[in-house]
């Protein structure tokens, strides 16, 4: 059995992200079989037991995860010149309080806050930002199976055989897509449930079956729904909420 980098194992076991693991190791907050490990790049056997110091666990509980109802016209991640990043909408005056009392905004929650997934500039709806590497891995890790649900307004004809193709049978970039759940929500709107997130996937899927997308809105990520969160507003993920 070969040894593996400690930070890699910590990420794979869902303890934290690899970047967070390196920070904890540097601070002496990681133990392997009860022994403190503080050297970056340390390797251990996969069968060894990894634990975090209570100070690291306390720090993890203070990491923020934010749910934003992104409007059209904002980009999810790092923008090119002339584009507005969605993170600009996360300000005290745009916070939405669903069930008072709500957690107060802290400027420190913007540090290392990153989108866990993408939502195109011409799409709207639920966009998750998090400081927590465990949540990021859960939502966008290579082995993530978290469902994302979308309402998609379209124009064009969609015979039953092409609807079947949207559910299973299409490929993008030379790779077969995972099975999806696609059904009519109403006469001009489709409901998509996906377990992957290729760039502009829904729009490209619709093009392949002769449909034009007129509007796209993400309404759910895992067990978290957009609900009554107003457009352009955000809220904290509440205690007890899980994706």
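FYI, it's all coordinate maths here, none of it is from the lab. Treat the numbers as computed from the prediction; the structure is a model and nothing was measured. Glycine also receives a Cβ, built like all others from the backbone with ideal geometry; neighbour counts cover every protein chain displayed.
If the chain linking residue 93 and residue 238 were pulled fully straight, counting 0.36 nm for each residue of separation and taking away their Cα-Cα distance, it would gain 50.3 nm.
Tell me, what is a quarter of the convex hull surface for the C-alpha atoms of the stretch 135-190, in nm² with one decimal? Show your work: numbers first, answer last.
On the way: hull surface 19.8 nm².
Average projection, Cα convex hull of the stretch 135-190: 5.0 nm².
Every helix of 4 or more DSSP H residues in the chain counts as -39500 (n - 2.57), and over all residues that averages to -5500 deg cm²/dmol at 222 nm. In this simple spin-label approximation, residue 225 and residue 53 carry label points 7 Å from Cα along the Cα→Cβ vector, and these lie 4.3 nm apart.
Across the stretch 136-176, the residues whose backbone nitrogen lies under 12 Å from the label position 7 Å along the beta-carbon direction of residue 191 are 149-152. Put simply, when 189-196, 104-111 are sorted by average Cβ atoms within 10 angstrom per residue, most first, you get 189-196, 104-111.
Once you have a ≥ b ≥ c as the square roots of the Cα gyration tensor eigenvalues for the stretch 4-61, tell me rounded if a/c is under 1.5, and otherwise prolate or oblate according to whether a/b is larger than b/c. Since a/c stays below 1.5, the shape of the stretch 4-61 is classed as rounded.
Going by how many other beta carbons lie within 10 Å of each one, how would you line up 10, 1, fewest first? The partial results should precede the final answer.
Values: 10 23, 1 6.
So the ranking, lowest neighbour count to highest, is 1, 10.
Mind sorting 182, 37 by how few other Cβ atoms lie within 10 Å of their own Cβ, fewest first? Can you show the working numbers first?
On the way: 182 23, 37 17.
In increasing order of surrounding Cβ atoms, one gets 37, 182.
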